[in-house]
Protein chains: 6
Amino acid sequence: MPTVTITRLARFSAAHRLHNPAFSDDENRRIFGKCNSPNFHGHNYTIEVTIAGEPDAGTGYVMDFAELDRIVDADCIDQLDHKNLDLDVPWLSGIRSTAENVVVACWARLEPALISQRTRLSHLRLWETENNYVDYDGS
Amino acid sequence: MPTVTITRLARFSAAHRLHNPAFSDDENRRIFGKCNSPNFHGHNYTIEVTIAGEPDAGTGYVMDFAELDRIVDADCIDQLDHKNLDLDVPWLSGIRSTAENVVVACWARLEPALISQRTRLSHLRLWETENNYVDYDGS
Amino acid sequence: MPTVTITRLARFSAAHRLHNPAFSDDENRRIFGKCNSPNFHGHNYTIEVTIAGEPDAGTGYVMDFAELDRIVDADCIDQLDHKNLDLDVPWLSGIRSTAENVVVACWARLEPALISQRTRLSHLRLWETENNYVDYDGS
Amino acid sequence: MPTVTITRLARFSAAHRLHNPAFSDDENRRIFGKCNSPNFHGHNYTIEVTIAGEPDAGTGYVMDFAELDRIVDADCIDQLDHKNLDLDVPWLSGIRSTAENVVVACWARLEPALISQRTRLSHLRLWETENNYVDYDGS
Amino acid sequence: MPTVTITRLARFSAAHRLHNPAFSDDENRRIFGKCNSPNFHGHNYTIEVTIAGEPDAGTGYVMDFAELDRIVDADCIDQLDHKNLDLDVPWLSGIRSTAENVVVACWARLEPALISQRTRLSHLRLWETENNYVDYDGS
Amino acid sequence: MPTVTITRLARFSAAHRLHNPAFSDDENRRIFGKCNSPNFHGHNYTIEVTIAGEPDAGTGYVMDFAELDRIVDADCIDQLDHKNLDLDVPWLSGIRSTAENVVVACWARLEPALISQRTRLSHLRLWETENNYVDYDGS
């Protein structure tokens, strides 16, 4: 049986700021530049969630996109959309809200929710602007 | 001589919140929904700035795009990018930072900066997400 | 007070076929080409719905995008999405389901639903593919 | 010599319906939801066809894009564009026309047509809407 | 009868250089900047061609998109695609190949070719990059 | 520690022509078709530059996007943007300026500039038009 991956795009709009309290104010400004702006800035983020598996003989689905939507919404989007990544999201607290750290944190939440006998989370891509994105595959 | 419009797209990433202190907390939540989220959210905004004029016989330009960039950056983008629209921008203070109000405020700044004997600002379009935008032509 | 337009994009996936029973089969094939294919084809359509009005002093809204969504969904998208434009939609029956005719039919439904003391429908754009769209403003 | 992949995007507009005659009508509706709508719906599909090989020393090509176009058109696009995936395409008959099954069927047709001493088909991506796609690499 | 506009997007890839022989080399460099680079540069251009008319009662078309394609290809795209705008196109010779001048020259060619008892060219938009475009409506 | 890749998109507009002086004029026209047009044509290119590494515990960065921009601009974009790939770029001279050859040449320049104790260049994607791109990972 062939292994196919299916990918769903989901979107959220969030505020954040890059700041490390272990650094001095000068260091924060030098290292994070305009991303250290004190009153936050924000982005329209897009996350691509990729599941690997074999299409079911009866349905032709690796996984129902509607079910994938429900899981991604419940475990990620509902907690990130129209929120402040630094202040409102318990599972992001205490880390720098770079795209790199956010994508790894999303993996930690989505990977157990999406594993089944037939499927597994195989890839995440997170777009922060139309000009940059990060990828993570759990390794 | 033909009249042509030229349009430049510029982008900024900003945080904001919709909240009217004249309303009760309940009213704010009911009216603004998730856009009233207390710790801000944010967007990648795109603004389309349109100038009308006759192409110059010598240069073929209505206006040099590089000069248009400089004016749009100086009068709008530099003050909005990686900022909080509600806290960091004097010319947006005291108003609700809806796309409607932001585009009108940008017009008030750009219109005098872009008028010349040969050209005038003729249109602004502001995208807040890939699914909604507002337009204003000064009238 | 300034007049601003706000625009919302909505999407639907539908099947259709171009065929006029008053024409012979040969004429239908000659006039409509591959769009006359007997068992239907389909598109991901995008409709841009534009409302004109003055931003409200208290909310900063011409109209709440969430309310606009509800009306566009109820009067158009729910009846078109994952449907056959020629067989499933009473208000499109008896006409050729060209983008031109669909956009005029959407106007007839949306215009009365979106008029208020403060706002009016001012423009519709319907994309059939990424390479063609039609516009209608009610005149 | 370096191995480079080249990718060509091709597009087709098609109707389809998800329905398994081995399921009851209720099961079909429950499993496939709005994709089970009886009179078909449709999409603008985009397929990305990726070929791997070493650039030729004389031409600098892994493969001439024009030749790749001709093969992809002849073996896939001409048979899918403006067609009904369930009724008009012999090599898709008897299967559910999910994106997963369509991409595997396209591989079976394109893989032998695109193999040569110098090149091989290495990847297919099929977009069904702007929010979901599937990938297959033949394994 | 309603008046609807239909718009077709067409694309061409071309080289050009901005240079006015009436200016000194220094002036050319100062005025045109990197667009004056001596050995040309190039763009993927997109032109949006808009036709206004009333949908025909029998076909539902303002104009057949396939016929529109043929005219736009014959009168514009075939002469611009994979060409040098300054050296290869007689109807652009002697002018600066700015987007402003190119869109006006395209209008002069397309307007007579697209006029009929039922339709007229109503708008052209020419994209030079994803960040700038020009518009012309013949006035 | 997780390994994440970060990707930055950069753009350049350039002219080029496909032509091999070792071939006859007839062969050049037959092999390269319209890409052999004698006075050059051009494209808006987009390059996606992907870096692999572990996010730094203090900054949350695999690499600062601003520093990545500086390196990509200095070693690639500044030398390609608004230039003729065949005449103006010493490190592309003597080769056919196909997307395949350009991406391999960009790798040769960027790979040493982007290697560090913590990061390495892991992937390049070069778009020539919206319908074709090439990928290279150094192997």
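Miscellaneous remarks
- Legend: residue pairs B:34/B:83; A:34/A:83; D:83/E:83, Cα-Cα distance threshold 30 Å; pairs beyond threshold, D:83/E:83.
- Isotropically averaged projected area of the protein assembly as shown, using the convex hull of Cα atoms (one quarter of hull area), nm²: 36.6 nm²
- Packing order of peptides E:78-85, D:6-13, highest average first: E:78-85, D:6-13 (average count of other Cβ atoms within 10 Å over each peptide's residues).
- Peptide E:33-40 is shielded by partner chain Cβ atoms: per residue, an average of 6 of them sit within 10 Å of its Cβ.
- Computed FRET value (nearest 0.05) for residue D:11 with residue A:111, which takes r as the C-beta separation and R₀ as 41 Å: 0.75
- Computed [θ] at 222 nm, deg cm²/dmol, chain C (DSSP H ≥ 4; -39,500 (n - 2.57); rounded to nearest 500): -7000 deg cm²/dmol
- All distinct Cα pairs of chain C go into the 1/r average, and the inverse of that average, the Kirkwood radius, is 16.1 Å.
- Gain in span if fully extended, residue D:77 to residue D:26, counting 0.36 nm per residue against the direct Cα distance: 15.0 nm
- What sits nearest the axis between copies F and C, counting only chain F Cβ atoms, is the residue and whole-Å distance F:130, 5.
- Annotation for residue D:39 and residue D:3: the two label points, set 7 Å from Cα along the Cα-Cβ direction, are 5.1 nm apart.
- Computed FRET value (nearest 0.05) for residue D:129 with residue E:87, which takes r as the C-beta separation and R₀ as 30 Å: 0.10
- Label-to-label distances for residue A:77 across copies, nearest first, come out at 1.1, 3.1, 3.1, 3.1, 3.5 nm, using points 7 Å from Cα in the beta-carbon direction.
- Average beta-carbon neighbours from other chains, 10 Å sphere, peptide C:83-89: 4
- Whole-percent carbon and sulfur share, accessible surface of chain F, 1.4 Å: 50 percent
- Cβ-vector label at 7 Å, residue D:29, separations to other copies in nm: 3.7, 3.9, 6.5, 6.5, 7.5
- Shortest first, residue D:137 label-point distances to identical copies amount to 0.6, 0.6, 5.2, 5.2, 5.2 nm, with the label point at 7 Å from Cα along Cα→Cβ.
- Built amide H within the under 5 Å cut-off of residue E:44, gap 5+: F:44
The values are calculated or read from the model by the stated rules, or taken from the named source; none is laboratory data. Predicted, not measured: the structure shown is a model, and the values here were computed from it. Glycine gets a Cβ as well: all are built from the backbone with ideal geometry, and neighbour counts include every protein chain shown. Heavy atoms of the whole protein, side chains included, go into the accessibility calculation; ligands, DNA and RNA do not. Shrake-Rupley method; radii C 1.70, N 1.55, O 1.52, S 1.80 Å.
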